[in-house]
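Trainee: The following block contains the structure, expressed as structure tokens.
The values are calculated or read from the model by the stated rules, or taken from the named source; none is laboratory data. Just so it is clear, the structure is predicted and the values come from calculations on it, not from any experiment. For neighbour counting, all protein chains shown are included, and Cβ atoms are generated from backbone atoms with ideal geometry for every residue, glycine included.
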Amino acid sequence: MDYISTRGGRPVSAAQAIVSGLAPDGGLYVPQSLPSFSLDEIASLAKLGYTGRAVEVLSRFLTDFSRGELTEYVGRAYAKSKFLPEAVAPVVPLGGDGAYILELFHGPTCAFKDFALQLLPLLLTASLKKTGVDKTVVILVATSGDTGKAALEGFAGVPGTKICVFYPDGGTSSIQRRQMTTQAGDNVMVFAAKGNFDDAQNGVKRIFTDAAFAKALSEHGYLLSSANSINWGRLVPQIVYYFSAYCELLNAGRIKAGDAIDVAVPTGNFGNILAAWFAKHSGLPIRRLICASNRNNVLTDFIKTGTYDRNRDFFLTASPSMDILISSNLERLLLHTSGSAEKVEGWMQELAATGKYTVDAETLAKIQASFAAGYADDAAGAAEIRARFERDGYLCDTHTAVAFHVAEANRSDAPMVVLSTASPFKFPRDVLAALGETAPESDFAAMAALTAKTGAAAPASLRELDKLPVRFNTVIKPAEIRAAALR
Ligand SMILES: *Cc1c(COP(=O)(O)O)cnc(C)c1O
């Protein structure tokens, strides 16, 4: 299967797309056609464990990787030492009225991004070999909080790679910041950047399309790549857990093969929910994709009206990993629904020039056929955390709360799978406050208080953070991202 840029150009292999990250024309790589899973095939996936399902799904998208390679990488990425639960991505019933939680936070950094970022380094180093590149890869990451740590954890110590992470100064929870600034490893660098996530992401994207910079790096034996969800290698592992969730529901006798489910996804850069769209359009019986935003609800408006308008206030919220006004992956959906790289190019030019664009009626109708959208502000999110805990005995984080809220408003008669994207212990002060407690100043004290209040244990990797030395404390301006990357 070949991959093309959302803005046109010649097809490349999956390995090439993964090595490049962003296409040279500034577009994102997408598969030229989608695989098609039959219901029988889906039912037989249910007989496998998570890693077996992953090999089957990935092998249909990454056709230039052998089954043997994928089996090895998947076995290493989702090993028991990294993901504690037997199911890797367990599905938990909530309340008993057909709502389920897909728990994606049991990996090494306690957020769903581990699913992609434990696998990406293995796919990327193999892709370098396949494409005959003999260079050190420099991974540049702009993070709104969780990607940075997950990428550091995935790439630390991987031979032939260096990783450089930029997070918005003051834009993450202090646990998230601490996870990054204490990262061990000789091939890692972490910077706080003034401004918000969009500024950091734009700074990084600009470097990717700077041909002169790429040439200078290349002469020094380096090649740039990305671990953000603009990289296809970041997105494709996420398709797997939608198939796996469906299999878990089949195995538990909650659905029959062919029954449709709805999924609700807390959304920022549109990567996770787009993976659900790829699963649906590869044959998985998903009826509706429910796109849940926080107060930065640019996607809610887009899905409802067809106008994407980032000219609005940017809010720092209790769900920082969704504090985004430019959702990069939407571009991929636009290509698949409009079928026209020319149109996508035009919209992206408008977005760059005026901060907004409006899609045509036909494209909007196709988007609305798959997606519903809504948002929750911090107060609604907090009310949701409290309600889920008091009524269902389920403790969720601030991002998952947004999805619960929007899922509730969009229930149909289909089973609803809500994605739980982070451990509540990553945001202990906000979660504690939502439960009606006065949160202590320190995140670590708040973690202990949250355990005392709920009986839930904090993950050891988070509890131990305050014992680790801080290695990185440099704050830079967005204009200095390029110079920082060269260090
Ligand atoms: C990254 C993140 C999101 C948003 O996911 P996207 O793929 O960017 O839409 C939601 N919740 C958490 C906890 C995250 O880390």
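Trainee: Only strands (runs of 3 or more DSSP E) wholly contained in segment 129-212 count here; list those with 2 or more residues that are in contact with an Asp or Glu (Cβ under 7 Å, 6 or more places away or on another chain).
Mentor: By residue number, 188-193.
Trainee: Limited to segment 95-128, what total is found for residues that are within 16 Å of the ligand (Cβ to nearest atom) and part of a loop (DSSP other than H, G, I, E, B)?
Mentor: Of the residues in that region, 11 qualify.
Trainee: Taking segment 296-349, which residues are in a helix (DSSP H, G or I), away from the ligand (no atom under 16 Å from the Cβ) and hydroxyl-bearing (Ser, Thr, Tyr)?
Mentor: Those that are in a helix (DSSP H, G or I), away from the ligand (no atom under 16 Å from the Cβ) and hydroxyl-bearing (Ser, Thr, Tyr): Thr305, Thr337, Ser338.
Trainee: Kindly evaluate Leu22 against the criterion of being farther than 22 Å from Ala341 by Cβ and among the aliphatic types (A, V, I, L, M).
Mentor: The answer is no for Leu22.
Trainee: Name the one entry in Ala422, Ala407, Ala376, Ala401 that is small (Gly, Ala, Ser), crowded, with 23+ Cβ neighbours inside 10 Å, within 14 Å of Pro266 (Cβ to Cβ) and in contact with a Gly (Cβ under 8 Å, 6 or more places away or on another chain).
Mentor: Ala401
Trainee: Just checking, does segment 429-450 include any residue being of a type in the set (S, T, N, Q), under 30 Å from Pro108 (Cβ atoms) and crowded, with 24+ Cβ neighbours inside 10 Å?
Mentor: No, every residue in segment 429-450 fails to be of a type in the set (S, T, N, Q), under 30 Å from Pro108 (Cβ atoms) and crowded, with 24+ Cβ neighbours inside 10 Å.
Trainee: Kindly list the number of the only condition in (1) within 13 Å of the ligand (Cβ to nearest atom); (2) outside any loop (DSSP other than H, G, I, E, B); (3) among the hydrophobic types (A, V, I, L, M, F, W, C); (4) surrounded by fewer than 24 Cβ atoms within 10 Å (Cβ to Cβ) that fails for Ala292.
Mentor: Looking at each condition in turn, Ala292 falls short on (4).
Trainee: For segment 311-347, which residues satisfy the criterion of being surrounded by fewer than 18 Cβ atoms within 10 Å (Cβ to Cβ) and closer than 22 Å to Arg7 by Cβ?
Mentor: Matches in segment 311-347: Gly339, Ser340, Glu342, Lys343, Gly346.
Per-residue answers, yes or no, for (1) of a type outside the set (S, T, N, Q); (2) part of a helix (DSSP H, G or I):
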{"site": "Asp25", "(1), (2)": "yes, no"}
{"site": "Ile42", "(1), (2)": "yes, yes"}
{"site": "Leu48", "(1), (2)": "yes, no"}
{"site": "Gly52", "(1), (2)": "yes, yes"}
{"site": "Val55", "(1), (2)": "yes, yes"}
{"site": "Ser59", "(1), (2)": "no, yes"}
{"site": "Thr63", "(1), (2)": "no, no"}
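Trainee: Among the polar types (S, T, N, Q) and touching a residue at least 40 places away in the same chain (Cβ under 8 Å) - does that describe any residue in segment 442-454?
Mentor: Within segment 442-454 (the criterion being among the polar types (S, T, N, Q) and touching a residue at least 40 places away in the same chain (Cβ under 8 Å)), the answer is yes, since at least one residue qualifies.
Trainee: Filter segment 216-270 down to the residues that are closer than 26 Å to Gly381 by Cβ and part of a loop (DSSP other than H, G, I, E, B), then identify the one that is farthest from the ligand (Cβ to nearest atom).
Mentor: Asn228
Trainee: Test Asn187 against the stated conditions and say whether it is within 15 Å of the ligand (Cβ to nearest atom) and modelled with pLDDT of 90 or more.
Mentor: So Asn187 fails the test.
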